[in-house]
Every structure is written in structure tokens, then in C-alpha cells.
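Each reported figure results from applying straightforward, stated rules to the coordinates on display, with no laboratory input. Because the structure is predicted, anything quoted here is derived from the model rather than measured. Ideal geometry is used to build each Cβ from the backbone, glycine not excepted, and the neighbour counts take in all protein chains shown.
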């Protein structure tokens with residue numbers, strides 16, 4: 001995830017509960033802005049605690065703004081206005097806590113298409129079919145039932161072996177009552193490895209395509225269907241969490257859980273404030289148990305209270321708005337029973353002692369400037385928000401991936417656990433070094449694979465797709481009369497990033513709810529997020545820091561900028577947190593936790 005980016009969406013889908021919903025579409029405003037036909041600008045206004053957001057919306061409308069949505073769960077009002085200085089005027093109103101342009105909240109990382117990361121076709125194409133499992137064979141999971149038969153490509157999922165998922169599947173593959181929210185760029189609900197678990201009824205798209213960053217709109221009003229993904233990042237995440245064990249392709253960490261698309265990211269990978277907040281509060285309102293957040297908040301790599309010293313007053317106001325709104329939304333989701341899991345970031349950075357930020361604001365382009373980041377006042381959101389489990393990324397060797405962030409302040413709650421995220425340069429001195437098999441294989445939308453030139457119009461993998469390890473797996477599905485049948489094919493791609501580590505942890509959290517949840521009155525089946533957190537962290541596999549505490553990556557061609565220092569004990573340290581998430585351990589333990 002993060003700092004090497006992907007894109008996100010903005011949306012106008014009305015919330016099911018707790019909101020007035022979208023009063024007017026923002027799509028036309030975005031389109032007009034892209035063509036320069038109007039000066040209309042979108043703003044977000046956060047009401048003070050105790051202030052009626054509906055009443056505030058009426059006052060803003062009387063002042064000439066066009067109200068587009070009201071989220072009464074946290075008191076966030078979204079408006080359009082053509083008036084110069086609108087944000088400053090709104091901040092002067094009684095009952096207003098913060099107001100600013102409704103800019104980008106975050107981006108999913110460009111989690112690592114090898115073409116962008118490493119390029120040059122150095123990879124061994126044979127890695128497409130290599131079995132990179134390392135024979136970790138110690139079975140830390142429950143004994144007894146034989147493991148279910150694996151899917152055809154499961155032998156390539158070394159990450160599942162690292163977290164003991166096959167052992168967990170002997171007794172727990174996930175409960176269909178457990179809902180996992182994919183807060184990302186969308187989910188391809190038609191993918192044959194996801195369709196059985198995809199919840200069309202509850203899935204929502206809270207974004208509106210923006211032509212200036214997403215390209216031409218593919219659907220009416222620039223709003224994609226809730227089962228669509230024009231990026232691929234969200235579909236990949238969904239597969240790692242819950243691809244079905246159905247004799248096709250791959251299986252996920254929790255292959256029987258319910259997958260809900262709560263899309264907050266643009267096609268391009270940006271995450272705007274209003275859709276992200278809507279997705280979080282909606283997740284709480286409809287009873288989602290676990291939400292995966294493989295993105296970070298843009299246009300600011302770090303949102304600083306009062307802004308960084310080099311920021312303008314308006315830029316500072318925007319960051320204050322984002323911090324307050326995201327904090328309220330994360331707290332709301334937690335109170336409603338949502339376990340929140342997020343990627344730690346791909347900036348190969350000590351998140352406790354950040355470097356000077358030279359990338360922000362990254363939207364609109366050309367506005368970035370050097371910013372001094374004070375860890376006491378600056379937050380990497382959502383991972384540094386309240387109640388969020390932060391996840392670092394590991395390669396097949398269990399070493400911290402060179403790109404993954406880490407932490408040196410172990411009291412700050414920046415890192416909780418680690419998980420397989422892929423590392424292309426792992427395996428130095430072996431035939432796996434710099435091969436696709438070191439990455440994470442998961443589900444991919446056919447439309448994206450074709451747009452990128454990895455699959456042709458006939459559904460065949462191209463030479464480019466071959467070089468990147470793209471895979472196709474098919475099976476024949478029999479008709480109702482059990483005669484004949486239709487061939488169904490799924491597509492799969494390799495990616496790397498903390499974006500890929502986080503869904504491994506989210507899947508483990510879903511198994512914890514499945515194994516130890518209970519009926520909770522009228523609110524349905526579930527397990528309190530604090531109990532899930534305790535189980536996931538308490539069962540994680542301890543992992544010590546590297547000898548001497550310092551990890552250099554110069555041997556694989558990285559500069560000293562990547563050198564990382566690990567502090568702490570095997571039970572908890574800045575590279576691994578409480579350890580590597582352990583699916584089998586989570587399933588076997590946890591009965592004694594109170595919720």
C-alpha cells in the first residue's frame with residue numbers, strides 16, 4: 001500500500017442509515033471542473049460535536065451552497081459552491097468544527113505491478129508455475145480433520161503457508177454470516193472465484209469517476225456499478241481475503257465469508273474524504289465485521305494538525321478537516337463492531353520518525369512542496385487512526401520487504417502485526433530471486449488485464465502478461481441437467497505491497513470472528529473488535545529482529561535509504577509487531593476472550 005500509489009473514487013450513493021443521502025450528484029461538478037466550464041468547487045464542512053448536521057446543511061444552503069450529502073453519523077456536510085473564500089466563511093459559522101475543499105483523502109498504493117517496480121523483463125517466465133512453498137511444515141494448527149482439497153493455483157500461495165491457512169481450513173473456512181468490507185477501488189463481483197461470496201445486496205460504490213484523473217466515464221453519471229473494478233487493486237485484495245475454494249484458481253484466507261464492496265477509491269486510486277467517511281459509517285451501519293483499508297490519505301502523505309510549517313492556512317485547514325473527520329468515522333465504525341485493518345505503507349520509512357515529505361500535496365499535480373513532518377502532530381491515515389490494526393509486509397523469506405514501513409516507537413500503536421506482502425528481490429542466491437513467484441498471486445478483473453495489454457480480446461494471455469506472471473484458470477460448469485456445460489475462466493495477477501499484507505491479516509481477523517463469534521441480541525452474529533484484536537495479536541507467531549537489529553538491502557541493489565533498524569523483542573518489535581498473523585492459531589484459540 002501507500003506512497004507508491006493507485007487510485008480511488010468519489011461517490012454519491014446514499015447511506016442506508018444515519019444520513020440524508022446524496023441530495024445532488026457531484027458527477028456533473030467533477031466533469032465541469034475537468035472541462036473548465038464552471039468555477040464550482042466541492043467542500044466538506046464538519047459540524048461541532050452536538051450540532052445538528054441537518055440544520056447546518058440548511059444554513060449552508062441558505063447561504064448559497066448546493067448541499068450534495070449529509071452524513072449525520074459523524075456530522076459531515078458535503079456541498080458545492082462557486083463563491084470564492086467559501087471555506088473560510090463556513091469556518092466562521094457557529095457550530096462548524098472544520099471546513100475545507102473536499103480534496104483527495106488517500107490512494108491505494110500502486111501495489112506493485114512488476115512492470116512499474118522493476119520493469120525490464122528480467123523475471124523468469126517459468127516462475128508462473130513454480131511452487132515457492134518453503135516446506136514450513138510445522139503444523140501449529142488444530143489436529144483432526146483432513147485439510148480440504150486445495151484449488152489449482154494454491155501451491156503458488158506461499159503467503160498462505162506462512163500464516164498457516166491450510167491448517168486453519170481443517171476446522172474453519174469462514175462463516176457466511178461474517179461480512180468483510182473491501183474498502184478499495186471496487187471489486188469485480190463477476191469474477192468466478194469471487195462471485196459465490198460476493199454480496200451484491202450490501203455492496204455500494206461511494207465514488208463518482210472524475211475525468212481529470214480517471215479518464216472518460218464508462219457508465220451513466222460517472223458512477224460505476226457496485227460489482228465493478230476498473231483498477232484491479234480491490235479485486236486482488238478481495239481474493240486474498242475470501243476467494244472461494246471451488247476448484248478454480250486460488251482460495252482465500254477465509255474462503256467462505258461474505259465479501260462486501262464498500263468502494264471509496266477512484267479508478268485512479270485516489271481516496272476523497274467524503275466517500276471514505278461514507279464507506280466507514282456505512283460499514284458500521286450494516287453490520288460489517290472486518291474492513292480492509294489498503295490505502296493512505298492524500299493529497300497529504302501525512303496530515304498534520306495545524307499543517308506542516310511550510311503549508312498555507314487553507315492547506316492546514318484541509319488537514320485538520322481530514323484528521324477530525326477520519327477520527328470520528330473510525331471511532332464510529334469501531335463502536336458499531338467493525339474490526340479495522342490497514343496497510344502500514346510502502347515508503348521504506350520509519351513511520352515513527354518520518355523523513356521530510358516531498359510528495360504532498362499530490363493532487364492537483366505540480367503543487368507538492370517539501371514539508372517538515374513532526375510525528376507528534378502528523379498522522380499517516382488511516383493506519384495511524386484510532387482502533388486500526390497496522391500491518392507491515394514480508395517476503396517469502398520472512399524478512400521485512402524493502403519497501404515496507406516499520407516503527408521504532410513501540411508505544412505509539414503504529415504497527416500491530418506483520419503478514420506476507422510479497423518482495424520481488426527476495427531469495428538472493430537462489431533461482432527465485434527477482435521472480436514473480438516472490439509476489440502475491442490473487443484475483444484480477446478481465447477488463448483491467450485487457451486494458452493493460454496482459455490479456456488479448458480473445459481472453460488469451462499476451463507476451464506482456466506472460467512476463468508479469470498473469471495466469472488464467474478455467475473449469476467447465478455443468479448445466480442444470482448435469483449434461484454438457486460451459487467453460488468459466490478466471491484471471492490472476494501478481495502484486496506486492498503492504499496492500500497485499502493487510503488483506504492476509506483481515507482474512508485472519510475474519511476467521512477469528514467466524515470461529516469465536518456469537519449471536520449478539522438483535523445486532524446479529526459477530527465479535528467485538530477489541531476481542532478480535534486481542535486474538536489476532538495474541539496468536540501471532542513471534543519473530544525476532546534481524547541479528548544486530550539492522551537490516552540492509554544493499555545486497556539486492558537498494559541504496560542506504562532502505563536500511564532499517566528494528567527495535568524490540570521477539571514478542572513485539574518494530575518490523576513484525578506482535579508477530580506474523582497465524583490463521584491456525586486464531587482458529588484454535590480465543591474462546592476465553594470477553595466481548
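Before moving on, here are some points about what is shown:
- Residues in segment 319-353 that a label on residue 411 would reach, taking backbone N under 16 Å of a point 7 Å out along Cα→Cβ: 352-353
- Computed from the C-beta positions of residue 200 and residue 475 and an R0 of 22 Å, the FRET efficiency is 0.50 to the nearest 0.05.
- Residues within the reach of a label modelled at residue 150 (point 7 angstrom out along Cα to beta-carbon, backbone nitrogen below 19 Å), restricted to segment 229-257, are 239-256.
- Stretch gain in nm, segment residue 530-residue 547, where the contour uses 0.36 nm per residue and the Cα spacing is subtracted: 2.8 nm
- Alpha carbon Rg of segment 442-588, scaled by the compact-globule rule 2.2 N^0.38 Å: 1.49
- Listed peptides 256-262, 72-78 by packing density, highest first (mean Cβ within 10 Å): 256-262, 72-78
- Nearest-0.05 FRET efficiency for residue 367 and residue 83, computed from C-beta distance (R0 22 Å): 0.50
- Taking the square roots of five times each eigenvalue of the Cα gyration tensor of segment 395-490, the equivalent ellipsoid has semi-axes of 37, 19, 13 Å, listed largest first.
- Shown for 559, 251: other C-beta atoms within 10 Å of each C-beta, ranked fewest to most, produce the order 559, 251.
- As a proxy for reagent exposure, ranking 48, 478, 278 by other Cβ atoms within 10 Å from fewest up yields 478, 48, 278.
- Sequence of 494, 219 once ranked by neighbouring C-beta atoms within 10 Å, starting from the fewest: 219, 494
- A full extension of the chain between residue 358 and residue 93 corresponds to an added length of 92.0 nm, given 0.36 nm per residue minus the alpha carbon distance.
- Label positions at residue 61 and residue 460, each projected 7 Å from the Cα along the C-beta direction, are separated by 5.8 nm.
- Value of relative contact order over segment 262-374, rounded to a whole percent, pairs C-alpha under 8 Å and six or more apart: 30
- Extension gain from residue 399 to residue 555, taking 0.36 nm per residue of separation minus the Cα-Cα distance: 54.8 nm
- Take the Cα of residue 335, step 7 Å toward its Cβ, do the same at residue 219, and the gap between the two points is 3.2 nm.
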